[in-house]
Structure formats: structure tokens, C-alpha cells
Amino acid sequence: MGMASKSIKTLLVAVFSIFLLLFSANSFASDAPAGGAEKHEASSFDPAKLIMEHIMDAHEFHFATIGEKHISIPLPVILYSPERGLTMFNYSKFNHGHDVYEGYKSEEGHIVAVNAAGEHDTTVTVYDMSLTRNVVQMFIALILLCVLMIGVANKYKRNGAKVAPSGFQNAVEPVITFVRDEVGKPNLGHAYEKFMPYLLTVFFFILINNLMGLIPGSANVTGNIAFTIVLGVISFFVILFSTNRHFWAHIFNPPVPGFVKPILVPVEFLGIFTKPFALIVRLFANMVAGHIVITCFVMLIFIFGAMSKVAGWGFAPVSMAFTIFIYFIEILVAFIQAFIFTNLTAVFIGQSMEGAHHDEAHH
Amino acid sequence: MELLNPGVGLLVWTLLAFLVVFFLLKSFAWKPILASLKERETGIADAIASADKVKAEMAALKNENEAMMAKAREERAVMIKEAKETADKMVSDAKDKAKSEYDRIVAEAQSAIMQQKNAALTDVKNQVGALVIEVAEKVLSRELSNKGDQENYIKQLAEGVKLN
């Protein structure tokens with residue numbers, strides 16, 4: 001019963017995602033004539049552009065376009081320019097990129113300043129602080145996370161420690177104990193308690209955004225380089241602040257013969273930066289790749305469909321089977337990547353205070 | 001490439017969101033959850049430890065009891081053995097004593113008999129001697145006419161001898 005309802009749900013998700021993509025494909029068909037110069041001759045269906053549009057940030061949640069009507073949720077635009085100051089308005093004011101509003105216009109989703117003639121004014125610097133779909137979705141995910149976690153915490157407070165966990169508490173507890181016992185304790189030794197709030201926050205922060213990104217029609221938050229850069233840089237500072245004398249001694253005076261030092265010291269020094277860089281790229285690449293693969297499989301239907309209608313319909317079941325398969329893998333990847341990011345952060349923190357570890361162990 | 005170009009807005013909002021979520025969850029979620037988990041785990045560990053301790057104490061108590069029982073059994077056996085020995089000894093002592101008393105009494109009786117006998121014999125000897133002398137005296141002092149009378153007389157004399 002449980003399994004059946006689950007597979008039906010998955011099927012619904014897949015079908016829903018197909019419909020969304022179908023509509024967005026239509027939107028391109030109808031948008032192309034308005035674009036004017038960029039009009040393709042044979043077909044306006046451009047899979048690469050669609051995929052990029054799916055995985056990139058945007059100023060609206062665009063669900064479908066039926067004929068000339070866009071079904072989308074436009075989001076607030078917040079712009080700061082040293083020359084013009086702070087400007088706030090809704091993205092709908094641009095009328096889907098057709099209009100100029102308060103001296104700004106939207107060029108392929110990018111907001112640029114325009115001069116009196118309505119042309120791109122490169123002399124004005126614009127910082128786009130808009131609540132884009134990634135930002136909004138991240139906020140929704142984080143509000144959900146806070147509500148869920150604080151609810152669970154209140155349950156612990158209300159029931160006390162002696163009562164067995166129940167409901168959602170039961171689902172969260174093994175994950176928390178997993179992060180504590182498999183990530184915190186083995187890598188950080190008895191200093192783990194100090195880092196637990198950070199590790200748990202990173203884990204759930206990535207996990208909930210990964211999972212939210214899997215909802216069809218939602219934004220690809222964790223597959224955005226800006227998101228992973230922030231997390232990576234925070235990891236970098238946490239690692240840096242937990243370093244000790246031994247760590248720096250090992251970097252600038254590694255225990256190797258003198259003639260190797262000129263080679264090894266720069267390598268070791270670069271290692272400080274490559275570790276968080278690897279974290280940034282790994283999460284970004286994994287999540288982006290998953291989204292690309294899923295959209296590619298769906299796109300295949302329309303690529304075949306462009307050749308012949310029969311091929312398109314014929315390939316649809318194969319494509320769906322692959323999409324559903326990859327979808328399950330992506331759910332797994334959502335957990336795995338959250339775990340890997342957290343675990344590697346813990347490993348790097350552990351390395352940066354390893355000397356102290358040994359010292360304490362010898363006392 | 002567009003994909004690798006981080007948007008400044010998303011950078012700022014993500015950083016802000018992470019910091020807010022971190023501090024919110026740190027004080028309102030992770031702290032109470034981790035504290036409860038720790039409390040429960042230490043509670044369970046303590047309960048197991050005390051159960052083990054009680055078990056060990058029970059085992060020690062049982063061993064002690066068994067040792068005491070064994071000792072008591074041993075003591076009882078020793079006591080029974082001792083009592084038996086004492087009883088046997090008393091019986092044999094009594095027997096020995098009785099026997100020696102009996103021997104002593106018999107010996108005394110024999111020696112008394114012997115003494116009495118010797119005294120009697122001595123007395124007989126003395127009396128026989130005296131009698132012989134008296135008879136001889138009487139025989140000598142009286143003249144006998146006939147043999148019959150003589151014999152009667154001896155018979156009469158002999159009868160007069162009291163052998164007691």
C-alpha cells in the first residue's frame with residue numbers, strides 16, 4: 001500500500017515535470033517572434049538554452065506560457081547603484097522583458113541600467129540584490145527548516161529526555177545522531193560538541209535546499225555557484241579559526257628534507273584554499289549535473305518529437321523511465337552531497353586542530 | 001561562462017540566511033535537541049552501569065552465601081564427627097573403666113580369698129597339730145583295754161575334730 005502510493009506519487013511528479021517543460025517549450029515558441037533578431041529559421045526549440053534557463057537563477061517563477069499568457073510569479077527586484085541609489089519594484093513592471101522601468105531594463109533576465117535613449121548604459125554600476133527565485137525558494141526552505149527543527153526541539157523540551165521520540169522527531173533524531181556519531185565524533189574527537197551546531201546547520205541547510213530543488217518547477221538553489229561559494233567560504237573561515245600552531249608549522253615547515261621544502265610549502269599553503277574550493281565545486285557540480293541530466297532526458301522527447309511526432313511519442317516512455325530512475329538517484333544524491341559537504345568540512349576542521357589532539361592525548 | 005558567474009544578490013542573501021538560520025537553530029533547536037539526546041544517552045548508560053553493578057553485587061552475594069553454606073556444612077560434618085568421637089570415647093572409656101574396676105574387684109576378691117584360705121589353712125594346720133598333740137596326749141594318758149574300744153575312742157576323737 002505504502003509502496004504503491006509512493007510510486008504513484010513519483011509518477012505524478014514525473015508527469016508534472018513533463019507538463020511544465022512542455023509548456024515552457026511552448027513559451028519559447030511563442031516568445032521567439034517577439035525576440036525579433038534572434039529568431040531561428042527552422043525551429044525555435046533550443047534544448048541547451050532551455051536547460052540553462054532551468055538551472056540558472058531568474059527574477060520570476062515561470063511555470064508555463066499558454067499562447068501569449070505567461071503563468072509565472074514575478075518576484076521583487078531590489079537594485080543598488082552607487083550612482084542612482086536603492087531602487088525597489090516588482091519584476092512584473094518589466095512586462096516580461098519588454099519595458100524599461102525607472103531607468104532599468106531586463107536583458108535576458110539580467111537587469112541593466114539604461115540611458116535616456118533606452119540603451120544599455122555601461123557607466124552605471126548596478127548591484128542586483130533582488131529576491132530572485134533562488135533567494136525566495138531558499139527562504140521558504142529555511143523557514144520550513146526552522147519551523148520543523150524548532151518544533152522537534154520543543155518536543156524534546158516538552159517530553160523530557162526519558163520519553164521515546166515520536167513522529168517527525170523520530171525521523172530527525174537518527175539523522176542528528178548520525179551527523180554527531182559518524183561525522184562529528186570520528187573527525188573532531190572530544191572537541192566535537194563545539195562544532196555540532198555548525199555541522200548540523202550546514203547539513204540540514206544543504207539537505208533541505210537539495211530536496212526543495214527536486215520539486216518540479218522549483219529553482220536549482222544548491223546547484224548555483226553563489227550558494228556553494230557562501231557555504232565554502234564559511235567552511236574556510238571555520239577551518240581557519242580552528243587551526244593551531246601545529247597546523248601552521250606543518251604547512252610552513254613540513255617534516256621533509258630541506259631541498260623539498262621550496263616545492264612542498266607552496267603546495268601545502270595552496271591546500272588551505274583548495275580544500276574549501278573543492279567543497280564549493282563538488283556540491284555545485286553534483287547538483288547542477290543532476291538537474292541537467294533530468295532535463296536532458298525530458299528534452300530528448302521533444303528533440304525526437306521535432307524529428308517526427310511518432311518518434312517523440314515512441315521515445316517518451318523510455319525517457320520517462322530514465323527520468324524516474326535519475327530522480328531516485330537525485331534523492332539519494334541530495335542526502336549524499338549534504339553528508340559529503342558536512343563530513344569533509346569536519347575532516348578539514350579535524351586536520352586543522354590535529355596537533356592539539358595529539359597533545360591532549362599525551363597528557 | 002554564465003553558470004560559473006556568482007550573482008552578488010544570491011551571495012549576500014545566502015550569507016545572511018545562513019547566519020540567521022545558524023544562530024536561530026543553534027539556540028532554539030540544536031542545543032535542546034543535543035542536550036536531550038545526551039541526557040537520555042547518559043541516563044541509559046547509567047542505568048546499564050547500575051544494573052551491571054547490581055548484578056555483580058548479586059553474584060557476589062550469591063557466592064558469599066554459597067561459601068557460607070559450604071562452610072556451615074563442613075562445620076556440621078566436623079561437629080557430628082567430633083560428637084561421634086566423643087561418644088565413642090566415652091563409651092570405650094566407660095568400658096575400660098568398668099573392666100579395670102571389675103579386674104580390680106576380682107583381683108581383690110582373689111587375694112582376699114587366698115588370704116582367707118591361707119589363714120584357714122594355717123589355722124587348720126595349727127589346730128590339727130594341737131589336736132594331734134591333744135589326741136596323743138589323751139591316748140597316751142589312757143590305757144586302752146581292747147582294740148574295739150580303742151577304735152571307738154579314735155573315732156570319737158576324730159569326730160571331735162572340728163574342721164572349720
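Not counting the cut sites, what is the longest span of chain B without trypsin sites (Lys or Arg not before Pro) that DSSP labels loop and that have at most 11 other Cβ atoms within 10 Å? In chain B, the maximal stretch lacking such sites is B:1-141.
Express the relative contact order of the range A:178-257 as a whole percentage, based on alpha carbon pairs under 8 Å and six or more residues apart in sequence.
Relative contact order here is 14 percent.
Legend: residue pairs A:Lys162/B:Lys55; A:Lys155/A:Lys185; A:Lys194/B:Lys38; A:Lys162/B:Lys26, Cα-Cα distance threshold 20 Å; pairs beyond threshold, A:Lys162/B:Lys55; A:Lys155/A:Lys185; A:Lys162/B:Lys26. In the context of the full set of protein chains, residues of the protein assembly as shown present 59 Å² of accessible surface per residue (probe radius 1.4 Å, heavy atoms only).
Report summary: the helix-based calculation at 222 nm, which adds -39500 (n - 2.57) for every DSSP H run with n ≥ 4 and divides by the residues of chain B, gives -32500 deg cm²/dmol.
Label sites at A:Val267 and A:Ala249, each approximated as a point 7 angstrom past Cα along Cα to Cβ, lie 2.2 nm apart.
Rounded to the nearest 500, the 222 nm mean residue ellipticity of chain A from helices alone is -22000 deg cm²/dmol, with -39,500 (n - 2.57) taken per DSSP H run of at least 4 residues.
Inter-chain Cβ neighbour count for A:225-232, averaged per residue, equals 6 (cutoff 10 Å, partner chain atoms only).
Using only alpha carbon pairs under 8 Å that are at least six residues apart, calculate the relative contact order of chain A and give it in whole percent. Relative contact order of chain A: 18 percent.
Could you tell me what a quarter of the Cα convex hull surface of the protein assembly as shown works out to, in nm² with one decimal place?
65.1 nm²
For chain A, modelled as a GNM whose springs connect Cα atoms under 10 angstrom apart, the maximal fluctuation among A:Tyr198, A:Tyr156, A:Tyr327 occurs at A:Tyr156.
Here the accessible area of the range B:68-114 is 65 percent carbon and sulfur, with a 1.4 angstrom probe and all protein chains present. Simple spin-label estimate for B:Lys53 and A:Phe89 gives 7.5 nm between the two label positions (7 Å along the Cα-to-Cβ direction from each Cα). With the simple model of a label 7 Å out from the Cα in the direction of the Cβ, A:Phe335 to A:Ala117 spans 6.0 nm. Loop exposure criterion: GluC sites (Glu not before Pro), DSSP state outside H, G, I, E and B, at most 14 other Cβ atoms within 10 Å. Applied to chain A, the longest stretch between such sites is A:120-363.
For the range A:133-354, the alpha carbon convex hull comes to 160 Å³ per residue, rounded to a whole number. Chain A and chain B together bury an accessible surface of about 3800 square angstrom, both sides counted, with a 1.4 Å probe and no ligands or nucleic acids included. Legend: mean number of C-beta atoms from other chains within 10 angstrom of residue C-beta atoms, peptide B:33-44, equals 6. Peptide A:194-204 shows a mean partner chain C-beta count of 4 within 10 Å per residue C-beta.
Stretched out straight at 0.36 nm per residue, the stretch from B:Asn118 to B:Val12 would grow longer than its current Cα-Cα span by 23.1 nm.
Rounded to the nearest 0.05, what FRET efficiency do A:Asn170 and B:Asn5 have when you use their Cβ-Cβ distance and R0 = 51 Å?
So, using R0 = 51 Å, E works out to roughly 0.75.
The values are calculated or read from the model by the stated rules, or taken from the named source; none is laboratory data. Just so we're clear, the structure is a prediction, and the values are computed from it rather than from any experiment. All Cβ positions, even for glycine, are placed from backbone atoms using ideal geometry, and neighbour counts span all protein chains on display. Accessible surface is based on the protein model in full, side chains and every heavy atom, while ligands, DNA and RNA are left aside. Shrake-Rupley method; radii C 1.70, N 1.55, O 1.52, S 1.80 Å.
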